[in-house]
1. Provide a single number: the residues in region 404-433 that are assigned to a strand (DSSP E or B) and over 13 Å from Pro473 (Cβ atoms).
2. Against the conditions (1) more than 29 Å from Val105 (Cβ to Cβ); (2) at pLDDT 95 or above; (3) open to solvent by 50 Å² or more (accessible area, probe 1.4 Å), where does Glu651 fall short? Just the number, please.
3. I'm trying to understand the selection: among the residues of region 489-514, which are at pLDDT below 95 and either assigned to a loop (DSSP other than H, G, I, E, B) or surrounded by fewer than 19 Cβ atoms within 10 Å (Cβ to Cβ) (or both)?
4. Working only within region 382-398, note down all residues that are of a type outside the set (Lys, Arg) and surrounded by fewer than 20 Cβ atoms within 10 Å (Cβ to Cβ).
5. Here is a list of conditions, (1) part of a loop (DSSP other than H, G, I, E, B); (2) within 24 Å of Leu339 (Cα to Cα); (3) basic (Lys, Arg); (4) without any contact (Cβ under 8 Å) to a residue 60 or more places away in the chain, and Lys287 meets all of them except one; can you say which number that is?
6. What residue, of Phe256, Phe178, is under 26 Å from the mean Cα position of the chain (by Cα), more than 28 Å from Gly322 (Cβ to Cβ) and at pLDDT below 95?
7. Quick one: in region 383-411, which of the residues that are in contact (Cβ under 8 Å) with a residue 60 or more places away in the chain and among the hydroxyl-bearing types (Ser, Thr, Tyr) is nearest to Thr326 (Cα to Cα)?
8. From the list Ile161, Ile171, which one is buried (at least 18 other Cβ atoms within 10 Å of the Cβ), at negative phi and in contact (Cβ under 8 Å) with a residue 40 or more places away in the chain?
Amino acid sequence: MDLKFANLLVAVPALVYAALVVPAVAQESSGVAERVEQGRVATEVFGRRPFMQSPRLSPDGTKIVTQMGRKGVDFLGIIDLNKPGSPPDFFLQTEEFREVGDRTVANWRWVGNRTVLMTLVSRETFFGNRADLTRLIAYDLETKKLTPLAWEGTTANGSNILHVDHENETILLQRGAFRNGERRFKPEVINVAVRTGKFDTVMQPNPEVDSWIADGKGVIRASVGNDRDTGKVRIMYRSGSNGHLETVYNKADPTFTSAESYPEIFLDEPNMALATSNRDGFQKVYKLNMKTMEPVGAPLFSVDGYDVSALIPDYHNNRLAGVSYTSDRFRVKYFDPKLAEIQKILDEDYGPGNAVIGSYDKSYDRLIVALAKPEQRWTYHLYDIKTGDFRRLGYADDTLRNAQLNPVKMVRYPASDGESIEAVLTLPRHRLGKKNLPVVMITHGGPFGPRDDASFDSWAQAIAELGYVVVQPNYRGSGGYGKEWISKGRANGFGLRMQDDLNDAIDYLAREGVVDPKRACMMGWSYGGYASARAAQRDPDRWRCTIAGAGVYDLPEMRAYDVDYLGTFGANYLAKGAAELSEVSPARNAKGKWSPIMIVHGERDQRVPVGQARILVRALKSAGKKQGQDFEYLEQPKNTHNLPYDDVHIEWLEAAEKWLMKHNPAYIEADGDKAPPITVATK
């Protein structure tokens with residue numbers, strides 16, 4: 001395998017970026033805001049990659065590493081805060097991969113104040129199969145050299161960092177490895193010096209271990225193993241660096257509701273860690289006894305009606321700095337007094353939920369703060385606590401900047417069986433106050449686990465910009481609402497009760513006078529693609545059209561695929577027998593009346609094989625349905641399950657726009673208004 005990287009080094013004209021780091025008051029985006037107000041934003045704008053992405057502060061707070069785009073090409077560079085107004089030092093072109101041998105930079109972080117660590121992803125032919133390989137590469141700011149870290153002898157995954165020692169500039173790396181010419185399927189742990197690339201073995205592969213867990217001192221304290229056939233999760237633990245790993249948990253969760261608790265922060269107390277557990281119905285923060293794997297005492301933090309998402313450790317990774325969760329929007333609750341006070345000030349100045357601390361130095365004196373209302377893209381700012389200076393670094397979207405688009409809010413609606421369901425509602429800004437508007441439902445993927453919230457969603461904004469009301473239900477099975485909500489989705493839900501939840505959202509909005517139920521379409525990706533196909537097949541009188549992306553359409557066929565992909569136990573996530581799966585499979589029920597459906601699928605989709613779409617297309621043709629009239633099929637040769645490139649993402653959104661306009665126009669004569677002209681585009 002040849003993973004050359006030297007050609008990624010680039011020289012970027014300094015003047016292109018010379019004015020990026022400036023006081024926020026010096027550059028306003030009034031011109032963009034005026035164009036947005038006067039007309040609409042072209043759909044293709046919503047399919048483009050961010051202009052600025054994931055700016056991260058060095059531990060001493062003197063430098064920022066970030067990715068920025070220029071004419072469709074992304075670069076990784078360093079902003080030196082000791083040189084105000086100077087252009088970023090761009091050192092790497094973060095190419096996208098499309099063919100075997102191509103590579104891209106997936107993420108980046110600091111190790112100490114001199115080295116930036118990046119994850120490279122490369123599409124390779126690996127043991128006869130196409131696979132995505134990950135590797136780490138270090139950039140030394142002083143020598144300007146790139147150093148590959150532990151590439152030799154690594155199999156597919158070589159980028160899982162378990163611990164960072166900033167002072168000694170080393171990392172603990174979990175990787176798959178070759179030994180004596182043989183591929184080891186279980187990972188080892190090595191200690192790597194990021195400047196030189198030299199490493200030592202810390203933990204040999206263990207047949208019972210799929211992943212390792214380190215404490216804040218860089219000591220491997222626990223491991224997790226998964227039996228693909230029985231579903232049992234084995235957690236092993238040791239009290240210190242010299243002990244042997246002993247099994248403390250070995251159970252399966254047939255409910256698929258994340259019953260396991262994993263140590264996230266090891267405390268400076270014997271055998272104690274912090275973790276989340278849903279033992280009381282919702283994910284809450286507990287102190288966990290690692291010997292018994294039982295919570296100690298009452299929850300340390302919980303959110304009424306919602307799950308805690310993650311724990312945020314302090315700089316030394318041995319204390320809880322905060323927790324994150326999503327209610328109406330993404331939220332963070334800080335326990336560190338300094339961070340808590342900073343977040344309080346930000347909430348007072350910009351409104352709760354509109355300011356998120358994204359990165360900070362080790363002393364919390366300098367922070368990167370992302371600002372956005374629900375209908376805005378993020379704008380990144382540098383906040384210096386000591387001086388009070390608050391200046392803009394850049395916009396996530398340099399086309400839209402901080403323009404406010406279509407208003408977003410959370411609503412609750414009653415399902416037909418009495419359940420209360422939360423949904424995101426995006427209203428077309430040019431039609432505020434109008435009643436009985438056309439509506440497009442965007443159904444999230446998963447289905448079990450993900451959810452939508454009242455934040456900027458590029459798909460919802462793109463469709464609302466066309467003049468449609470957009471609704472995104474968090475139907476039964478959606479994540480963040482506790483394990484009972486997941487269980488309700490799994491119990492007779494796939495294609496049945498969960499589908500009813502979607503219909504009920506339209507009925508509610510119709511009763512409220514917001515939408516015209518006879519002008520409703522549905523679109524979605526992954527499970528959302530399945531739901532769109534199921535809607536077209538099961539409820540054709542309800543839906544004027546549907547748009548199905550990367551969906552599963554033959555569930556028995558998918559279960560057979562998942563036995564290999566997820567294991568015998570994992571394939572049971574569908575929670576139905578083969579006969580029942582056939583009943584709720586759109587491809588096995590292609591006869592009869594259907595709503596017009598557009599099917600979009602990536603040829604390189606590994607999670608849901610493109611064969612699923614082809615099966616559905618064949619079934620529709622066999623049932624006498626005509627392409628171009630009853631259905632349309634768009635197969636994207638370069639696309640995966642994740643819409644990784646601008647062109648495939650834009651093609652998906654623009655194809656959806658054309659299908660909607662053909663079968664359910666946003667503006668009709670009876671509405672009494674007309675579509676505004678396009679005033680913002682990037683072409």
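1. Residues that pass the stated criteria total 2.
2. Only one criterion is unmet by Glu651, namely (1).
3. Once the filter is applied, which keeps residues that are at pLDDT below 95 and either assigned to a loop (DSSP other than H, G, I, E, B) or surrounded by fewer than 19 Cβ atoms within 10 Å (Cβ to Cβ) (or both), region 489-514 yields Ala491, Asn492, Leu496.
4. Asp384, Ile385, Thr387, Gly388, Asp389, Phe390, Asp398
5. All conditions are met except number (1).
6. Phe256
7. This residue is Tyr395.
8. Every option except Ile171 fails the conditions.
The values are calculated or read from the model by the stated rules, or taken from the named source; none is laboratory data. Keep in mind that what you see is a predicted model, and the values were worked out from it rather than measured. Positions of Cβ are backbone-derived with ideal geometry, glycine not excepted, and every protein chain shown enters the neighbour counts. Note: accessible area is taken over every heavy atom of the protein model, side chains too, but ligands, DNA and RNA are not part of it. Shrake-Rupley method; radii C 1.70, N 1.55, O 1.52, S 1.80 Å.
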